[in-house]
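First comes the structure, then the notes that go with it.
Values in this text are rule-based calculations from the coordinates and carry no lab data. Just so you know, these numbers come straight off a predicted model, no measurement behind them. Note that each Cβ is placed from the backbone with ideal geometry, even for glycine, and that neighbours are counted across all protein chains shown.
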Amino acid sequence: MLRHSPTSPLLSLSGAVPAEGRDEGVAAHYGDLFREQRALADGKGLVDLSHRGVITVSGDDRLSWLHLLLTQHVSELPAGQATEALILSAHGHIEHALYLVDDGETVWAHVEPGTREALIGYLESMKFFYRVEVADRTDDVAVVHLPAGSIAEVPKGVVVRETSHGRDLFLPRADLEAYAADHGPLAGIWAYEALRVEAHRPRLGCETDHRTIPHELGWIGSAVHLQKGCYRGQETVARVHNLGKPPRRLVFLHLDGSDVHLPPHGTPIRLASDGAEGRQLGFITTSVRHHELGPIALALVKRNVPVDARLLAGDTAAAQETVVEP
């Protein structure tokens, strides 16, 4: 049985509308989706990501041990340098995505809601004789996101994971309400997701299914280091990289803005020329409303779909932009 993260206290604030599905436990928005997006784009405000799991790995062997398990090169990861990594199945399919930083003594990672128990179970099974300790910190640590350009103060002692997209703070959960009150405006997960889709960044459980490999999503480089081996699924990564033929590819879609409803996750993708009864060539992974671009989406399509083809997402017309080259 999955253990969900504690429900965020920020849901009790005026205007907060709860998110559903995989993001249950935090706010979808606080009353004005586009205002919240614009604030984040301008480097203001914060996003409550306290529904995400928080895992730590400590001990003298933490980096060398993780290096053997993860797709990323982390054996010499400098303290304070953020990275991301995957755990693959023996066949190279994506099972977990970790967003990491080492503080010099401990590796901190946040992971998708509902995945931490399975991840911890796998990590514990691989400890053997290594000097490492794996801990679930979700109940006492909450993730808070500050957008790129934010000048918000980071409390002393709080671990920060900084990337080009902003800073993720591993904040004591008891301090979440006070910190949010001092560093608003608040932006909900819908605004955060809209900017993620705009940036073409994949998300485990949204852009992935049971057979997704890293090449299909453009995770080679950012989460998969090609100059290392010795991890589960590495043979598939090397083979597909050398052949250059992943079966599917991630695309970015501009959706017809006249439709009232966004096509949900799993909506079939077909060639517009074939109509709504044509052969399915892929599916919508995430669709959002963007404050400047209008309705947009990410989708997985077959590799051989022409890059200039007009598409249909269900009954919605869609123009594609290439994310992963065929």
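Quick notes on this structure:
- Couplings 3J(HN,Hα) for the stretch 161-176, derived from phi with the Karplus relation 6.51 cos²θ - 1.76 cosθ + 1.60 (θ = phi - 60°), are 10, 10, 9, 5, 8, x, 10, 9, 9, 8, 9, x, 4, 5, 9, 4 Hz, where x marks Gly and Pro.
- Of the trypsin sites (Lys or Arg not before Pro) in the stretch 170-250, those whose Cβ has at most 15 other Cβ within 10 Å and which sit in DSSP loop: Arg211
- Between the stretch 125-194 and the stretch 9-88, the alpha-carbon center distance in angstrom: 6 Å
- HN-Hα J in Hz across the stretch 219-235 - Karplus 6.51, -1.76, 1.60, θ = phi - 60°, x for Gly and Pro: 8, 5, x, 6, 10, 10, 9, 7, 9, 9, x, 6, 10, 4, x, 4, 4
- Scanning residues 5 or more positions from Val141 or on other chains, those with amide H under 5 Å from its amide H are Arg173, with H placed 1.01 Å from N in the peptide plane.
- With contributions of -39500 (n - 2.57) from each DSSP H run of at least four residues, the per-residue ellipticity at 222 nm computed over the chain stands at -4500 deg cm²/dmol.
- Within the stretch 110-132, backbone nitrogen closer than 15 Å to the virtual label 7 Å beyond the Cα of Glu24 toward Cβ: 113-115
- Between Glu153 and Asp274, the modelled labels are 5.9 nm apart [label points 7 Å from Cα along Cα→Cβ].
- Taken over the C-alpha atoms, the stretch 6-96 has Rg and Dmax values of 18.0, 47 angstrom.
- Selection of GluC sites (Glu not before Pro), the stretch 142-216, meeting DSSP coil and at most 16 other Cβ within 10 Å: Glu153
- Distance (nanometres) between label positions extended 7 Å along Cα→Cβ at Glu76 and Leu243: 3.3 nm
- Segment Ala309-Leu63, extension gain: residue separation times 0.36 nm, minus the distance between their alpha carbons: 84.1 nm
- Candidate aspartates and glutamates for bridging to Lys302, where Cα separation is under 12 Å - those fewer than 8 sequence places away on the same chain excluded: Glu216, Glu325
- Virtual spin-label span in nm between Asp140 and Ala319, 7 Å along Cα→Cβ: 5.3 nm
- In the stretch 217-326, GluC sites (Glu not before Pro) in a DSSP loop with at most 14 other beta-carbon atoms within 10 Å: Glu277, Glu292
- The chain - convex hull of the alpha-carbon atoms, volume per residue in Å³: 134 Å³
- The stretch 203-208 - phi-based ³J(HN,Hα) in whole Hz, Karplus 6.51/-1.76/1.60, Gly and Pro as x: 9, 4, x, 9, 8, 10
- Projected onto its three principal axes, the C-alpha set of the stretch 92-228 covers 44, 38, 28 Å, listed from the longest axis down.
- Amide H contacts for Leu226 (H built 1.01 Å from N in the peptide plane; partners 5 or more residues away or on another chain; cut-off under 5 Å): Gly221.
- Dipole magnitude of the stretch 101-187 about its Cα centre (Cβ charges: Lys, Arg +1; Asp, Glu -1), debye to nearest 20: 180 debye
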